[in-house]
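Everything on this sheet refers to the single structure shown next.
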Amino acid sequence: MIDNYLYYRIKKLCQCKVAFLALLFMAIFSTNAQTNISNTVIVGNNSMYKSASIDSIETGAIFNYKLHVTLYGDGTLVTLTDQLPPELDLVGNATDIDISIPTFIAPNLNPSINNTNLITVSLQSPSNGNSTYIEVLIPVRFKCGVTPDGTIVNNTATITSNGQFATTNS
(Lines give C-alpha, C1' and ligand atoms only; values in the text may rest on other atoms or scores of the structure.)
Protein backbone atom coordinates (compact mmCIF):
# COMPACT_ATOMS: atom_id res chain seq x y z
CA MET A 1 0.00 0.00 0.00
CA ILE A 2 2.83 2.39 0.83
CA ASP A 3 4.49 1.53 -2.51
CA ASN A 4 1.32 2.52 -4.37
CA TYR A 5 1.07 5.74 -2.38
CA LEU A 6 4.72 6.67 -3.10
CA TYR A 7 4.32 5.79 -6.77
CA TYR A 8 1.21 8.00 -6.96
CA ARG A 9 2.99 10.96 -5.27
CA ILE A 10 6.08 10.67 -7.46
CA LYS A 11 3.90 10.51 -10.56
CA LYS A 12 1.99 13.64 -9.45
CA LEU A 13 5.26 15.44 -8.72
CA CYS A 14 6.55 14.66 -12.22
CA GLN A 15 3.31 15.95 -13.76
CA CYS A 16 3.60 19.18 -11.77
CA LYS A 17 7.23 19.55 -12.82
CA VAL A 18 6.30 19.22 -16.50
CA ALA A 19 3.50 21.77 -16.11
CA PHE A 20 5.81 24.18 -14.27
CA LEU A 21 8.50 23.89 -16.95
CA ALA A 22 5.93 24.44 -19.69
CA LEU A 23 4.63 27.60 -17.97
CA LEU A 24 8.17 28.85 -17.42
CA PHE A 25 9.03 28.25 -21.09
CA MET A 26 5.92 30.17 -22.25
CA ALA A 27 6.64 33.05 -19.87
CA ILE A 28 10.20 33.43 -21.09
CA PHE A 29 9.26 33.47 -24.75
CA SER A 30 6.21 35.68 -24.32
CA THR A 31 8.30 38.42 -22.69
CA ASN A 32 10.86 38.27 -25.50
CA ALA A 33 8.33 38.36 -28.34
CA GLN A 34 8.29 41.31 -30.73
CA THR A 35 5.42 43.71 -30.29
CA ASN A 36 3.64 45.22 -33.25
CA ILE A 37 1.82 48.04 -31.43
CA SER A 38 3.41 51.35 -30.48
CA ASN A 39 2.70 53.57 -27.54
CA THR A 40 -0.18 56.05 -27.79
CA VAL A 41 0.85 59.68 -28.23
CA ILE A 42 -1.35 62.70 -27.56
CA VAL A 43 -1.22 66.20 -29.05
CA GLY A 44 -3.88 68.55 -27.75
CA ASN A 45 -7.05 66.48 -27.65
CA ASN A 46 -5.96 64.19 -30.50
CA SER A 47 -4.28 60.81 -30.10
CA MET A 48 -2.53 58.26 -32.29
CA TYR A 49 -0.82 54.89 -32.08
CA LYS A 50 0.71 52.72 -34.78
CA SER A 51 0.52 48.99 -35.45
CA ALA A 52 1.87 46.49 -37.97
CA SER A 53 -0.32 43.80 -39.50
CA ILE A 54 2.19 41.06 -38.66
CA ASP A 55 4.95 40.10 -36.21
CA SER A 56 7.00 38.23 -38.83
CA ILE A 57 6.80 38.03 -42.61
CA GLU A 58 7.47 35.65 -45.46
CA THR A 59 10.05 36.78 -48.00
CA GLY A 60 8.61 39.29 -50.47
CA ALA A 61 5.20 39.54 -48.81
CA ILE A 62 3.34 42.81 -48.49
CA PHE A 63 2.34 43.93 -45.00
CA ASN A 64 0.62 47.01 -43.62
CA TYR A 65 1.36 49.70 -41.12
CA LYS A 66 -1.77 51.19 -39.61
CA LEU A 67 -2.11 54.58 -37.94
CA HIS A 68 -4.97 54.60 -35.42
CA VAL A 69 -6.09 58.19 -34.87
CA THR A 70 -8.74 59.76 -32.68
CA LEU A 71 -9.58 63.37 -33.55
CA TYR A 72 -11.56 65.54 -31.18
CA GLY A 73 -13.92 68.12 -32.60
CA ASP A 74 -12.15 71.42 -32.15
CA GLY A 75 -11.72 72.11 -35.89
CA THR A 76 -7.90 72.06 -35.87
CA LEU A 77 -5.71 70.84 -38.70
CA VAL A 78 -3.95 67.58 -37.78
CA THR A 79 -1.01 66.24 -39.79
CA LEU A 80 0.16 62.63 -39.63
CA THR A 81 3.60 61.75 -40.96
CA ASP A 82 5.24 58.38 -41.33
CA GLN A 83 8.84 58.30 -42.52
CA LEU A 84 9.21 54.73 -43.73
CA PRO A 85 12.56 53.14 -42.88
CA PRO A 86 15.06 52.88 -45.78
CA GLU A 87 14.63 49.07 -45.85
CA LEU A 88 10.97 49.44 -46.90
CA ASP A 89 9.09 50.66 -49.95
CA LEU A 90 5.56 51.98 -50.14
CA VAL A 91 3.59 49.56 -52.32
CA GLY A 92 1.80 51.52 -55.02
CA ASN A 93 0.94 55.18 -54.61
CA ALA A 94 -1.48 57.48 -52.82
CA THR A 95 -4.51 55.57 -54.08
CA ASP A 96 -3.20 52.40 -52.41
CA ILE A 97 -3.21 53.99 -48.96
CA ASP A 98 -6.56 53.25 -47.39
CA ILE A 99 -8.00 55.92 -45.10
CA SER A 100 -11.18 55.06 -43.23
CA ILE A 101 -12.60 58.50 -42.58
CA PRO A 102 -16.07 59.91 -42.20
CA THR A 103 -17.35 61.76 -45.29
CA PHE A 104 -17.28 65.11 -43.49
CA ILE A 105 -13.46 65.10 -43.24
CA ALA A 106 -11.45 65.81 -46.41
CA PRO A 107 -7.93 64.30 -46.47
CA ASN A 108 -4.88 65.80 -48.19
CA LEU A 109 -2.59 62.89 -49.03
CA ASN A 110 0.96 63.20 -50.40
CA PRO A 111 2.93 59.92 -50.12
CA SER A 112 6.50 59.33 -51.28
CA ILE A 113 7.46 62.98 -51.64
CA ASN A 114 10.74 63.16 -53.61
CA ASN A 115 11.28 59.39 -53.21
CA THR A 116 12.01 59.76 -49.51
CA ASN A 117 9.22 57.39 -48.40
CA LEU A 118 7.65 60.19 -46.38
CA ILE A 119 3.91 59.70 -46.07
CA THR A 120 1.87 62.73 -45.04
CA VAL A 121 -1.85 62.86 -44.30
CA SER A 122 -3.47 66.14 -43.29
CA LEU A 123 -6.94 66.09 -41.77
CA GLN A 124 -9.26 68.75 -40.46
CA SER A 125 -10.78 67.56 -37.21
CA PRO A 126 -14.55 67.92 -36.94
CA SER A 127 -15.56 71.34 -35.63
CA ASN A 128 -18.83 70.24 -34.07
CA GLY A 129 -17.33 69.08 -30.76
CA ASN A 130 -17.62 65.39 -31.64
CA SER A 131 -14.72 62.98 -31.85
CA THR A 132 -14.01 60.54 -34.66
CA TYR A 133 -11.76 57.52 -35.12
CA ILE A 134 -9.70 57.18 -38.30
CA GLU A 135 -7.42 54.41 -39.58
CA VAL A 136 -4.70 54.95 -42.18
CA LEU A 137 -3.53 51.67 -43.75
CA ILE A 138 -0.10 51.90 -45.43
CA PRO A 139 0.98 48.92 -47.61
CA VAL A 140 4.74 48.27 -47.56
CA ARG A 141 7.32 45.60 -48.31
CA PHE A 142 11.06 45.19 -48.06
CA LYS A 143 12.99 46.67 -50.99
CA CYS A 144 13.45 44.31 -53.93
CA GLY A 145 10.77 42.07 -52.40
CA VAL A 146 13.26 40.23 -50.16
CA THR A 147 13.12 40.01 -46.38
CA PRO A 148 16.59 39.15 -45.00
CA ASP A 149 16.52 36.60 -42.17
CA GLY A 150 16.53 38.19 -38.72
CA THR A 151 15.73 41.69 -39.98
CA ILE A 152 13.90 43.92 -37.52
CA VAL A 153 12.59 47.23 -38.80
CA ASN A 154 11.72 50.09 -36.48
CA ASN A 155 9.16 52.60 -37.66
CA THR A 156 7.61 55.60 -35.98
CA ALA A 157 4.86 58.04 -36.87
CA THR A 158 4.27 61.63 -35.82
CA ILE A 159 1.08 63.57 -35.15
CA THR A 160 1.20 67.38 -35.34
CA SER A 161 -1.42 69.99 -34.43
CA ASN A 162 -1.23 73.66 -33.49
CA GLY A 163 2.58 73.64 -33.63
CA GLN A 164 2.86 70.73 -31.18
CA PHE A 165 3.91 67.21 -32.14
CA ALA A 166 4.48 63.78 -30.64
CA THR A 167 6.15 60.69 -32.13
CA THR A 168 5.31 57.05 -31.44
CA ASN A 169 7.97 54.59 -30.37
CA SER A 170 9.10 51.85 -32.75
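Observations, loosely collected:
- Gain in span if fully extended, ASN36 to ASN154, counting 0.36 nm per residue against the direct Cα distance: 41.5 nm
- Solvent-accessible area of THR79 with every protein chain in place, 1.4 Å probe, in Å² to the nearest 10: 30
- Note on ASN169 and LEU77: the extension gain reaches 30.8 nm, defined as 0.36 nm multiplied by sequence separation minus the Cα-Cα distance.
- Heavy atoms of ASP89: accessible area, 1.4 Å probe, square angstrom to 10: 50
- 3J(HN,Hα) along region 127-135, derived from phi through the Karplus expression 6.51 cos²θ - 1.76 cosθ + 1.60 where θ = phi - 60°, amounts to 9, 8, x, 7, 9, 9, 9, 10, 10 Hz, with x in place of Gly and Pro.
- Counting only protein chain heavy atoms and rolling a 1.4 Å probe, the accessible areas of GLU58, GLU135, GLU87 rank, largest first, as GLU58, GLU87, GLU135.
The values are calculated or read from the model by the stated rules, or taken from the named source; none is laboratory data. As the structure is a prediction and not an experimental result, all values here were calculated from the model. Just so you know, the surface numbers come from the protein's heavy atoms only, side chains and all, with ligands and any DNA or RNA stripped out. Shrake-Rupley method; radii C 1.70, N 1.55, O 1.52, S 1.80 Å.
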